[in-house]
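Below: the structure, in structure tokens.
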Amino acid sequence: MHNTVGLFIIYNHRYDKNIEKIEQLYKKSFSHIFHIMPFYDGDKENVLPVYASSYQFSSYIPQAMEQLKLKNISFDHYFFLADDMILNPKVTENTYKDLFKISLEDSFISEFVEFTKFNFYTWHGKEALTYKIKATGAEIDSFIPNKEEALLRFKNYGINFKNWKWYHFIPPIKVGIRPIIRLTSIWVNAFFRKGNLKLKYPLVGAFSDIVIISSKHMKTFSQYCGAFAADGLFVEYALPTSLLLTTNRIITLKNLEFEMGALWGKEMMQLNKYDQNLNNLLNNFPSQYLFVHPVKLSKWNYNG
């Protein structure tokens, strides 16, 4: 059975209670809703169980796609959304192509972030620094593009791939003890490698809680996601790198009229006016945002 678009909700952790609430949220907007949930052992047919750490949730995608294949279900676009993200109500199965300016050949991710622009005190910088594509036990180098091919793809997308310099690892004055520990670990690792801060394989980062993948590229994208996950690569490197290596045209937020709705720290105070009521949020959704994140559904009320 082939359809236009499927909405796939990705859960970092198993939380069955959110299934019904999420279906109520999106059932009027999307006809085909699936839940990708780690270690699920229930009997709901549209919940796809997966088995991996949330740090490598890129591996959830190939596991879920294999289950869809067994069910003989396919889509023109596969729309992946985190379970703690509320999508702008304007986005539906009938409007998403126009709102995302997306064709059958196109995919979407919110952004690409070059390595030299990362905040390594919050990103998993050590994992990237120590990543080896020829890691023992997961010999993925036979079907992942080699370094030269990957660099060419980066160049085609206008992404400037540079290795890190020492000044990329200086944190702001107030970052807390945990980021300092992370940075210290990176520096110690570099010292024992004789100051080597070079990546062994080109990687790109991105906020990866919302992506749309064209069916034209789903097979290869899924394969790369699984391969990088098997190599232990952190998902917010693995997923965007897989997408960049796979597709011919990628839409990002810079092509759209929406803004990123990821709210952290003091920015989360914007949500206080909704009194933790999803009806209030949906009825008065900030129109400039494509989504609002994070919204912990267990703490919000909803009358669908």
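Things to note:
- Paramagnetic label zone (point 7 Å from Cα along Cα-to-C-beta, Leu256; backbone N under 13 Å) in region 75-92: 79-82, 86-92
- Placed amide H near Phe75: partners under 5 Å, 5+ positions off or other chain: Asn3
- Backbone N under 19 Å from the Phe39 label point (7 Å along Cα→Cβ), restricted to region 1-29: 10-19
- Of the cross-linked pairs Lys28/Lys299; Lys97/Lys132; Lys155/Lys254; Lys101/Lys155; Lys101/Lys147, those separated by over 29 Å at the C-alpha level are Lys97/Lys132; Lys101/Lys147.
- Cubic angstrom per residue, convex hull over Cα atoms of region 26-95: 108
Coordinate-derived values only; no laboratory data. Here the structure is a predicted model, which is why all the values come from computation and not from measurement. Cβ atoms come from the backbone with ideal geometry, glycine included; neighbour counts cover every protein chain shown.
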